[in-house]
Structure formats: structure tokens, C-alpha cells
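Okay, here's the structure, questions in a sec.
The values are calculated or read from the model by the stated rules, or taken from the named source; none is laboratory data. Note that the structure is predicted; figures quoted are calculated from it, not measured. Note: ideal-geometry Cβ built from the backbone for every residue, glycine included; neighbour counts use all protein chains shown. Accessible surface is based on the protein model in full, side chains and every heavy atom, while ligands, DNA and RNA are left aside. Shrake-Rupley method; radii C 1.70, N 1.55, O 1.52, S 1.80 Å.
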Amino acid sequence: MLNKFKQTQEQWGGSNEVIDHWLETRQSLIVEYCKLAALQPCSTKTTTIAELPSSEELQTFCQHLVDYISEGHFKIYDMVMDKWQATGFKVTEEINQTYGHIVLTTEPLLNFTDRYAAIANNDELESFDSDLSLIGEIIEARFEVEDQLIQQIADSLAVPPGA
């Protein structure tokens, strides 16, 4: 996830204020995800148990996740599309389909935040490791599709409307 982010940042960073903000928000989400994913097992005298995140750590990650999703849907996508359309471009079926793939990732991500944002004790975290792993896969897939959307828009901008 981090290597792909670095590639995306090198490719698109500095090209547009909106994309820069989007990448900063993405980086913040990746950092919070890595903090949770990096929790190591700890040993007691009788057993080894996984160190579970605190409710504050979960709330922080869930808030970053909701912020990222919200900014994408209600700010960044709209800003990019408005600016793009203002230059005379029309949304293509390919761009609509790509955006649709992004939307498909939203519900499982929000379901995760609904489940874990308000957890008060570790008794409610028995499936946390598998849930976090799945969320990592969904986030990574979402980033990949978002990058495709950026590329599709950039490619279309390289050819003037009506050319």
C-alpha cells in the first residue's frame, strides 16, 4: 500500500491542488491503518495474545476513514469533475464505470466504521484482525480505482474536446 502510494504521489503530486489534498488525506489514512495493523502479539506467562487497539486508536482510524470517504464523494470527486467539465469535457462511460467501482467500496468501509468506532472494550474485538485485513484490501482496491480515475481524466485532458 505504501509503495503504491509513493508511486502515485510521484506521478500526480504537485499537478493539481485538489489532487495534492486528496493524496495528503490518503497518506493520513494509510498512516492510521498501518498503526493498527502493526500492533504486535504480546506474551503473558501462560499465553500469547494479540495486542488489541484501544478505543481511541479505533476511533481515530475510523474518523480518518470516514473523512477520506466523505471528502472523496462530496468534495474531491465533485471538484475534479466540475473543473474538468468546465473545460468542455463530457463524462465518458469508462469514467462513470470507474466511479461506480469506487462507490462499491464505500458501504463495506462504512460498515467497518459503524462496527468499530464506538467499541468500549476488547471483548468486542474477536474478529478485528480479519476485519482489519479485509478493510486493508478494500482500501487498497479503492486507491487503485481512484488512481485509474485520475489517469482517465488526465488522459482525456491531453486531447482537447472535439478533437
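Which residues, taken from the stretch 83-109, are among the polar types (S, T, N, Q) and either part of a helix (DSSP H, G or I) or under 22 Å from R142 (Cβ atoms) (or both)?
Across the stretch 83-109, the qualifying residues are Q85, T92, N96, Q97, T98, T105, T106.
If you don't mind, there's one more thing I want to ask. Does L134 fit the bill of being open to solvent by 40 Å² or more (accessible area, probe 1.4 Å), more than 26 Å from D20 (Cβ to Cβ) and among the hydrophobic types (A, V, I, L, M, F, W, C)?
The answer is yes for L134.
Additional query: Inside the stretch 65-97, can you point out the residues that are of a type outside the set (A, V, I, L, M, F, W, C), touching a residue at least 12 places away in the same chain (Cβ under 8 Å) and open to solvent by less than 50 Å² (accessible area, probe 1.4 Å)?
Y68, E71, G72, H73, Y77, G88
Right, something else. Is it the case that F143 is of a type in the set (F, W, Y) and open to solvent by less than 80 Å² (accessible area, probe 1.4 Å)? Spell out the reasoning first.
Values: of a type in the set (F, W, Y): yes; open to solvent by less than 80 Å² (accessible area, probe 1.4 Å): yes.
Yes.
So, L125, is that one surrounded by 12 or more Cβ atoms within 10 Å (Cβ to Cβ) and modelled with pLDDT under 90 or not?
Here the answer is yes, as L125 does meet what is asked.
Every residue, every condition in (1) in contact with a Gly (Cβ under 8 Å, 6 or more places away or on another chain); (2) assigned to a helix (DSSP H, G or I); (3) not aliphatic (A, V, I, L, M), yes or no:
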| position | (1), (2), (3) |
| --- | --- |
| L65 | no, yes, no |
| I76 | no, yes, no |
| N111 | no, yes, yes |
| A118 | no, no, no |
